[in-house]
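Derivation of every value follows stated rules applied to the coordinates shown; laboratory data play no part. No experiment lies behind these values; they were computed from the predicted model shown. Positions of Cβ are backbone-derived with ideal geometry, glycine not excepted, and every protein chain shown enters the neighbour counts.
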Ligand code: IVH
């Protein structure tokens with residue numbers, strides 16, 4: 001049994017102590033939850049249990065930025081952090097990009113039309129955007145067989161049993177249905193059901209939910225389905241995943257099919273004859289918003305024609321054929337107590353506003369980002385000012401403006417520091433950039449720990465049991481200078497086992513987790529290095545383009561020479577471009593980085609990049625150049641299609657080019673292809689070739 005030890009008053013807790021105590025409370029409360037709910041064998045009185053939860057909540061109110069993903073306050077009673085089986089979505093569940101005004105919406109339409117190479121207006125379906133929990137329902141031969149939460153988009157939790165308790169999830173589809181189909185929608189609570197639930201939770205002394213979204217998620221993700229059954233969850237269906245046969249040619253017709261099958265479709269959904277009708281619809285829904293039975297945070301606009309949707313495809317994690325037009329954010333005023341400078345893993349100095357905690361749209365906010373030096377100067381934000389704070393959806397709160405009438409006499413403009421608060425190195429701001437950076441690179445402790453945390457994070461090496469706290473602990477011990485040292489930790493297993501909070505088993509588990517990750521896909525490896533602007537998407541592009549670590553390393557070293565073929569090739573990879581190329585060549589231009597890279601690679605087996613989707617495509621692995629004017633597709637469309645079939649698209653013709661697609665009025669590139677003996681194709685031949 002865990003000993004509760006928390007005598008310190010909350011006011012006198014330091015941030016580090018608070019973090020430590022929250023971690024301990026999460027563990028302690030989870031332990032008692034399991035004792036009570038799973039084993040039906042409580043070890044403490046209800047009053048003592050409530051005291052633990054209250055203490056946890058009070059610390060979280062004072063330090064909202066320390067709220068843990070596994071915080072007891074975000075869990076409902078005995079709901080476990082995991083405990084649900086995982087389900088892989090056949091088609092990933094993606095998110096939506098946002099627009100906030102008519103101009104941004106018009107830009108979205110222009111981008112889509114440019115991609116499609118068309119000028120006529122687009123037909124849209126508009127649907128109110130409910131802030132709930134998205135889920136995927138699988139039907140086989142008309143029967144509901146599986147249901148999952150969105151999870152990380154690729155893999156969600158199996159909540160089939162919970163979904164079966166919902167009236168709005170049909171057990172059987174009415175009428176004709178494909179042999180296999182995935183249907184997607186939003187699970188939510190109406191405002192009235194949410195209030196009633198909180199009322200009865202309060203009466204029972206149980207958890208109060210902060211908003212309908214949390215309440216819906218907490219209600220669905222219950223291991224005990226009886227609890228879910230007692231919650232009045234609703235569902236609106238609005239999208240499709242995989243289907244064994246096409247079910248409609250427009251999204252609107254698809255929505256009609258959903259209704260026939262027995263789903264609820266939001267009755268305010270509307271087909272708009274052209275994008276010009278969106279602004280009116282947006283304001284109509286905005287006016288209707290407060291009278292609706294459920295919370296919405298905007299309207300989703302989807303291009304109606306499914307063939308156009310397919311052509312447009314996705315960029316990153318969002319479709320090019322849909323966008324969410326969000327309502328203006330919620331605002332509040334408060335006092336700016338201080339400006340703290342954070343040093344990020346790439347050395348960026350980010351100012352953070354420390355605020356008098358204030359409630360903004362139902363969420364307590366005590367910190368806000370100030371973005372950068374110019375932003376502070378532009379808004380003339382000063383310590384002690386009364387400021388207008390805004391929060392839009394789940395977006396990080398921002399300071400919109402200063403209430404200058406309330407400014408105290410003698411206040412002075414804020415001066416951004418010239419030295420890194422973490423290591424004392426000079427902070428510089430390259431011409432044309434907005435961000436000031438620490439020059440301390442590898443010696444700066446802020447960057448070193450941050451880099452290690454990034455390195456072991458989920459999308460990078462994903463090492464189980466190596467969280468922020470452990471990294472910091474081992475770093476303080478002097479065991480971790482760079483990422484290669486992580487792989488030497490198993491040598492210290494015996495020593496780790498004797499540390500406070502560790503044991504033989506946990507130390508052995510850590511060693512095992514580290515060893516399993518010594519074999520790593522190239523894209524994760526590249527991402528893990530934490531090079532500026534190389535996020536998961538770019539890391540994947542690079543891995544797919546260069547294939548192996550050895551090749552990537554050689555090519556990058558060669559690319560450090562300005563004007564080299566390798567530099568040109570890097571800059572012409574679709575999605576990379578010259579700015580990102582420069583970040584890479586800056587990294588490879590620093591000898592200490594290469595040394596660290598090689599030291600790290602020596603510990604690992606780096607797998608070649610998979611080209612799974614395009615395994616049997618005739619252009620997989622080929623380098624293709626498009627030149628001249630294309631007639632049946634636009635350039636971005638041609639590029640995107642070729643890449644999805646596993647080809648690399650570059651802009652310049654060299655010996656390494658496999659195919660040059662020659663459009664009308666082609667010039668020097670077509671001639672160069674002939675000179676070099678590179679295969680050329682007309683647009684028609686290309687279409688024939690790729691099918
Ligand atoms: S479509 C590929 N339609 O918004 C497009 N999403 O910000 C996938 N949402 O994860 C989403 N109402 O949870 C779509 N009518 C609607 C929606 C909707 C709410 C949520 C959904 C999604 C999130 C994206």
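Give me the percent of DSSP beta bridges within region 616-691 that run antiparallel, rounded to the nearest 5. Kindly include the intermediate steps, with their values, before the conclusion.
Values: 1 of 11 bridges.
For region 616-691, the DSSP antiparallel bridge percentage is about 10.
By counting other Cβ atoms within 10 Å of each Cβ, how are 103, 160 ranked from fewest to most?
Ordered from fewest to most neighbouring Cβ atoms within 10 Å, 103, 160 come out as 103, 160.
Want the number for residue 333 to residue 591: 0.36 nm per residue separation, take away the alpha-carbon distance, what's left?
Computed gain between residue 333 and residue 591 is 88.0 nm.
Can you work out the FRET efficiency for the pair residue 579 and residue 43, with r the C-beta to C-beta distance and R0 = 60 Å, to the nearest 0.05?
Numbers: r = 58 Å, r/R0 = 0.96.
About 0.55, to the nearest 0.05.
Hey, with R₀ at 30 Å, roughly what FRET efficiency would residue 288 and residue 260 work out to, going by the Cβ-Cβ distance, to 0.05?
On the way: r = 26 Å, r/R0 = 0.88.
The calculated FRET efficiency here is 0.70.
Label points 7 Å out from Cα along the Cβ direction at residue 315 and residue 374: separation in nm?
The modelled label-to-label distance comes out at 2.2 nm.
Provide the gained length on full extension for the span residue 367 to residue 605, in nm with one decimal, where the gain is 0.36 nm per separating residue minus the Cα-Cα distance.
Gain in length upon complete extension: 81.5 nm.
Measuring from a point 7 Å past the Cα of residue 635 along Cα-to-C-beta, which residues in region 94-112 have an amide N at less than 19 Å?
110-112
R0 = 45 Å: FRET efficiency of residue 499 with residue 97, Cβ-based, nearest 0.05? It would help to have the intermediate numbers written out before the result.
Working: r = 45 Å, r/R0 = 1.01.
Approximately 0.50, to the nearest 0.05.
Take the Cα gyration tensor of the chain, multiply each eigenvalue by 5, square-root it, and list the three semi-axes largest first, rounded to whole angstrom. Numbers along the way, then the final one.
Details: eigenvalues 339, 264, 161 Å².
Equivalent ellipsoid of the chain: 41, 36, 28 Å, largest first.
From the square roots a ≥ b ≥ c of the eigenvalues of the alpha-carbon gyration tensor of region 483-615, which class results: rounded (a/c under 1.5), prolate (a/b over b/c), or oblate?
Because a/c hits 1.5 or more and a/b exceeds b/c, region 483-615 counts as prolate.
How big is the antiparallel share of DSSP beta bridges in region 57-164, given as a percent to the nearest 5?
Bridges in region 57-164 that DSSP calls antiparallel: roughly 100 percent.
Summing -39500 (n - 2.57) over the DSSP H runs of n ≥ 4 in the chain and dividing by its residue number, what mean residue ellipticity at 222 nm do you reach, to the nearest 500 deg cm²/dmol?
Mean residue ellipticity, 222 nm, calculated: -10500 deg cm²/dmol.
For the ranges 232-238, 633-639, what's the packing order if you count other beta-carbon atoms within 10 Å of each residue, average per peptide, and put the highest first?
Result, highest mean Cβ count within 10 Å first: 232-238, 633-639.
Starting from the Cα gyration tensor of region 573-644, take the square roots of the eigenvalues, sort them a ≥ b ≥ c, and report rounded, prolate or oblate (rounded when a/c is under 1.5, otherwise prolate if a/b is larger than b/c, else oblate).
Judged from the Cα gyration tensor, region 573-644 comes out oblate (a/c at least 1.5, b/c at or above a/b).
Given the chain, what percent of its DSSP beta bridges are antiparallel, to the nearest 5?
80 percent
What is the extension gain from residue 8 to residue 598, computed as 0.36 nm multiplied by their sequence separation minus the C-alpha to C-alpha distance, in nm to one decimal?
Using 0.36 nm per residue and subtracting the Cα-Cα distance, I get 207.7 nm.
How many nm separate the modelled label positions at residue 433 and residue 57, each set 7 Å beyond the Cα in the direction of the Cβ?
4.5 nm
Take every Cα pair under 8 Å in the chain that's 6+ residues apart, average their separations, divide by the length, and report that relative contact order as a whole percent.
Result for the chain is 9 percent.
Rounded if a/c is under 1.5, else prolate if a/b is larger than b/c, else oblate: which is region 641-691, with a ≥ b ≥ c the root eigenvalues of its Cα gyration tensor?
Here region 641-691 falls in the oblate category.
If you count, for each residue, the other Cβ atoms within 10 Å and average over each peptide, how do 531-540, 172-181 line up from highest to lowest?
531-540, 172-181
What is the fewest-to-most order of 188, 194, 105 by other Cβ atoms lying within 10 Å of their Cβ?
With the fewest neighbours first, 188, 194, 105 line up as 105, 194, 188.
Would you mind pulling out the separation of the Cα centroids of region 636-659 and region 485-546, in Å?
33 Å
Just grab the label-to-label distance for residue 200 and residue 401, each label 7 Å out from Cα along the Cβ direction, in nm (one decimal).
Going from the residue 200 label point to the residue 401 one covers 4.6 nm.
By counting other Cβ atoms within 10 Å of each Cβ, how are 333, 627, 680 ranked from fewest to most?
In increasing order of surrounding Cβ atoms, one gets 333, 680, 627.
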